[in-house]
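The values are calculated or read from the model by the stated rules, or taken from the named source; none is laboratory data. Bear in mind the structure is a predicted one, so any value in this text is a computation, not a measurement. Backbone-built Cβ (ideal geometry, glycine too); neighbour counts: all protein chains shown.
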Amino acid sequence: MVPALGRPADAAEERALGAALLMAERAYAPYSGFRVGAVIVDAAGSEYRGVNVENASYPAGLCAERAALAALIAAGGRRPLLVAVAAASGDDCLPCGVCLQALAEFGDPTIVARVGGAPRAIPLHELLTAPFAHASGAAAEREAGR
Ligand code: THU
């Protein structure tokens with residue numbers, strides 16, 4: 001049983017989740033067969049997309065969320081506000097711990113995902129209460145514009 005997480009997604013969040021579901025069709029997941037799409041929205045309303053990219057050497061595979069994060073950063077962005085994640089199968093799909101840590105580097109975005117079949121909006125800190133950060137944190141905060 002999944003605990004109650006966050007709140008029901010609003011209309012804009014559901015739209016982003018729909019876009020993530022469409023993205024999932026492009027995933028490269030021949031090993032797990034679990035295709036995932038992610039859409040990151042920033043403050044300007046721009047969208048950055050990613051899919052999971054698996055590899056014959058399994059640990060070399062990349063999750064959809066970190067692929068979308070790389071697209072945001074490569075475009076010059078630093079502030080993900082919303083991260084929508086969907087599996088092509090329609091199954092529940094929350095970001096893994098590695099992806100939560102990667103996203104926490106850039107703030108506390110709202111994660112939008114199906115939980116118990118229903119679209120939910122969950123602050124990242126509710127899923128990862130204590131991300132790792134370097135003791136001073138100053139360098140990362142400068143670079144992330146915080
Ligand atoms: N995966 C993602 O891309 N995002 C998630 O949130 C969960 C898992 C990928 C990793 C792997 O390619 C496949 O889904 C099965 O775990």
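Tabulated results
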| item | result |
| --- | --- |
| Residue pairs meeting the criteria (Cβ under 9 Å; at least 6 apart or on separate chains; first in contact (Cβ under 8 Å) with a residue 24 or more places away in the chain, in the stretch 13-31; second within 12 Å of the ligand (Cβ to nearest atom) and hydroxyl-bearing (Ser, Thr, Tyr)) | ALA24/SER89; TYR31/TYR58 |
| ALA144 in contact with a Leu (Cβ under 9 Å, 6 or more places away or on another chain) and either under 19 Å from ALA24 (Cα atoms) or at pLDDT below 95 (or both) | no |
| Count of residues meeting criterion [more than 10 Å from the ligand (Cβ to nearest atom) and under 14 Å from the mean Cα position of the chain (by Cα)] in the stretch 21-67 | 9 |
| Which numbered condition ALA4 fails, given (1) farther than 28 Å from GLU143 by Cα; (2) outside any loop (DSSP other than H, G, I, E, B) | (2) |
| Residues satisfying the stated conditions in the stretch 87-113, i.e. surrounded by fewer than 20 Cβ atoms within 10 Å (Cβ to Cβ), within 12 Å of the ligand (Cβ to nearest atom) and over 12 Å from the mean Cα position of the chain (by Cα) | SER89, ASP91, ASP92 |
| Given (1) within 10 Å of the ligand (Cβ to nearest atom); (2) under 16 Å from VAL51 (Cβ atoms), index of the condition ALA70 fails | (1) |
